[in-house]
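So the structure is just underneath, and the comments pick up after that.
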Amino acid sequence: MAARKNGPVIALGVVLAAGLAAPLLTGSAPGFYLEVLIGGLMAGVLYSLVALGFVLIFKASGVFNFAQGAMVLFAALALARLAEWLPGWIGIPAGFPALALAFVLATGIMIVLAWVVERVVLRPLVAQDPVALLMATLGVTFFLDGFGQTIWGSDVYKIDLGISKEPTMILQSMFEGGILVSKEDLVATVIATLLVLMLALFFQKTATGRALRAVADDHQAAQSIGIPLNRIWVIVWAVAGFVALVAGMVWGSKLGVQFSLAQLALKALPVVILGGFTSIPGAIIGGLVIGVGEKMAEVFLGPPLVKMWDLAGGGIENWFAYVLALLFLMVRPEGLFGEKHIDRV
Amino acid sequence: MFYRENGQFKASYVEDQQILGIRQDRWFIFGLIAFALFAVPYLASDYMFRAVLIPFLIVSLAAIGLNLLVGYCGQISLGHAAFMGIGAYAAYNLVVRFPQLNFILVLVLAGLIAALVGILFGLPSLQIKGLYLGVATLAAQFFIDWVFARVKWFTNYSPSGSVSTAPIEMFGFKFDTPTERYLLVLVVVIVFALMAKNLVRGHIGRSWMAMRDMDVAAEVIGIRPMYAKLSAFAVSAFYAGVAGAMWGFVHLGSWEPAAFSVNFSLNLLFMIIIGGMGSILGSFIGAAFIVLLPITLNQILPVLGGLVGMNFGTALASHMEFMIFGALIIFFLIVEPLGIARLWAIGKEKLRLWPFPH
């Protein structure tokens, strides 16, 4: 296994591209096709947001954080409920000012949460088996799900970003009927891009960012030159908490803040598989691939499947991402941009 | 003290190879089995059978299956409830399509079908391991969930998507009362638990443990990884399938695809973490813990809430249950990563050396 096996990856890429282009050849309208494509890309951006949190924590602490979904739910609940309660508590106007203050407070809450997790969960379990740490984050998931709903309530809440839900028509001159694009999705894309830029700047330009990258590269080496590991873990969990907050805000404004947000984050798992556990660009590209693949499969693959086997409805997007990731793992176990792993006895 | 093996000499190979080598262990286990078989049917109430004992026994069987895979072979599975679902639906279809089949035969066939599916979804384990494998098994979970929810053939074209079973009948005897059902489940569980106990100390079990401890090293000393891993998936899925068939037929009676969801899978995983990875006894302890915890919390929380003047509704109680669950898992991982079964083993060790500390 000296050289990288590129053949199967290229083959898989060709198959994917063919699958992507197939609906065009079978004569569906290009306008509709583009609409699905764009819809998929935007859903993909949202998956990327959740996947980013996974990758950040995995890079810095080697923990596969199953609780990222629960953190998204917790942050979104905090944001939604604080924005609702703050006007009553301190008399600031509801709407944008309340939301902004709630955002700041929720960020603070996520930082405290990061600190608590590091103290209570990570520090006693340091140098344990990765699977044990995964189980611990499963425990954190359950705790956060219960805790969040106990203190914030368990109904469906709204986050109002003040964007109209009306879709807009674009490119009417090029296609018959134009392409419907939701404004919310556009804003989400902009927010996600800003977040990624901020993270890139933070990682590349600040001293803390450099320390984070050093820890990600080699724990022991970083510690031996005096980087405080514990503080770095708090920081990286706090950053992941912030990413979860942003993801929760965007998802929450789209779907409403409810328990299913935590389940939705399970969708980010195939994304990190596809992109590789340690790659931030991988998380973004993986998210886009999964988003597009899922929408395409649902729209173009679902109906024929239902017709062929007389199914009781489609819903193949529930598993499509996972099966895609599974196939991908078979050809390339380390993901698109992951590091090659070599076993030694 | 009373637990020591002084004076118990093994004079033949048969004696040396007994499952329970120490006389006190043997007495304890035989006593427990005899108690469960002959005393419990007279002591427990119908509610006790329905809500506690039957689910506990069935779920222990599934936990043993998962423990064989995760605890003994080191292959993580986040989709084991799906294999239970396979067993349940396989049994349902067998009963619907071949009504004259004996229920025990149905159970075994359902287990075998689950084992086949287990081998299929175990194939990725040859390429990938650890966390990646966890996600691959999640793929199995979601795909199988979807298949049972959407493909009408499996639910025999029932309009609501849920299926209900006929009462169990064997050799002209109907298993109606909870006591009879409990005894049926108990016998099946005892047989399979002893089989598992035997399996893990034979050459298959040892090759699994070698795989778990270090797969590359195991391969170097001549253990075939494909054979070891796939046999672990097959046996584990077989146990899950049998447990699933009983869960559907004996415990639930009628069920929807959501009965075997990802949350059930995670619960099974928690059982073996809390009970003890790589321990058959641990599977029982963990299952008892997870089955009893919600029932106990439901009883205790309103009382505790009343003491401090709070009113615990059912929603809040279920959230508290989540929290306590999560906290306990973290607690056990930190304090005793090998589970309650390990505490039991330490206790026995102390007794053997008593009154000396070492």
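The values are calculated or read from the model by the stated rules, or taken from the named source; none is laboratory data. Everything numeric here is computed off the predicted structure, so don't read it as measured data. Here Cβ is always computed from backbone atoms with ideal geometry, including for glycine, and neighbour counts include all displayed protein chains. Remember, those area values only see protein heavy atoms, side chains included, never the ligands or the DNA or RNA. Shrake-Rupley method; radii C 1.70, N 1.55, O 1.52, S 1.80 Å.
Any chance the stretch B:306-314 includes a residue that's modelled with pLDDT under 85, in contact with a helix residue (DSSP H, G or I) (Cβ under 9 Å, 6 or more places away or on another chain) and β-branched (Val, Ile, Thr)? Yes, that holds for at least one residue.
Among residues of the stretch A:115-135 being facing another protein chain (nearest Cβ under 7 Å) and in contact (Cβ under 8 Å) with a residue 40 or more places away in the chain, the one that is least open to solvent (accessible area, probe 1.4 Å) is A:Leu134. Cβ-Cβ distances below 7 Å connect the following pairs, each with a first residue in the stretch A:211-230 that is basic (Lys, Arg), a second residue that is surrounded by 13 or more Cβ atoms within 10 Å (Cβ to Cβ), and a separation of six or more residues or different chains: A:Arg213/A:Phe203. Do we have any residue at all in the stretch B:43-57 that's under 21 Å from A:Leu326 (Cα atoms), part of a helix (DSSP H, G or I) and not basic (Lys, Arg)? Within the stretch B:43-57, none of the residues are under 21 Å from A:Leu326 (Cα atoms), part of a helix (DSSP H, G or I) and not basic (Lys, Arg). Kindly indicate whether B:Val106 is farther than 23 Å from B:Met209 by Cα, in contact (Cβ under 8 Å) with a residue 24 or more places away in the chain and either more than 8 Å from chain A (Cβ to nearest Cβ) or touching a Lys or Arg at 6+ places or on another chain (Cβ under 9 Å) (or both). Yes; evaluated as a whole, the condition is true for this residue. Before we move on, is B:Leu230 within 30 Å of A:Asn318 (Cβ to Cβ), touching a residue at least 40 places away in the same chain (Cβ under 8 Å) and within 14 Å of chain A (Cβ to nearest Cβ)? Taking the combined requirement at face value, the residue does not satisfy it.
Considering every residue within the stretch A:191-212, establish whether at least one is open to solvent by less than 30 Å² (accessible area, probe 1.4 Å), modelled with pLDDT of 85 or more and over 21 Å from the mean Cα position of the chain (by Cα). Checking the stretch A:191-212: at least one residue is open to solvent by less than 30 Å² (accessible area, probe 1.4 Å), modelled with pLDDT of 85 or more and over 21 Å from the mean Cα position of the chain (by Cα). The condition of being under 28 Å from A:Leu133 (Cβ atoms), touching a Pro at 6+ places or on another chain (Cβ under 9 Å), within 14 Å of chain A (Cβ to nearest Cβ) and of a type in the set (Gly, Ala, Ser) does not hold for B:Ala287.
How many residues are open to solvent by 20 Å² or more (accessible area, probe 1.4 Å) and more than 7 Å from every other protein chain (Cβ to nearest Cβ) when one looks only at the stretch B:112-144?
Qualifying residue count for the region: 10.
Scanning the stretch A:145-168 for residues that are closer than 27 Å to B:Val70 by Cα and either more than 11 Å from every other protein chain (Cβ to nearest Cβ) or at pLDDT 90 or above (or both) yields a count of 0. Residue-level check: of (1) under 30 Å from A:Val63 (Cβ atoms); (2) open to solvent by less than 20 Å² (accessible area, probe 1.4 Å); (3) within 14 Å of chain A (Cβ to nearest Cβ), B:Val163 misses just (1). The number of residues in the stretch B:163-174 that are touching a residue at least 24 places away in the same chain (Cβ under 8 Å) and under 24 Å from the mean Cα position of the chain (by Cα) comes to 4.
For residues that are in contact with a helix residue (DSSP H, G or I) (Cβ under 7 Å, 6 or more places away or on another chain) and in a helix (DSSP H, G or I), scanning just the stretch B:329-357, find the one that is farthest from the other protein chains (Cβ to nearest Cβ). Among them, the one singled out is B:Trp344.
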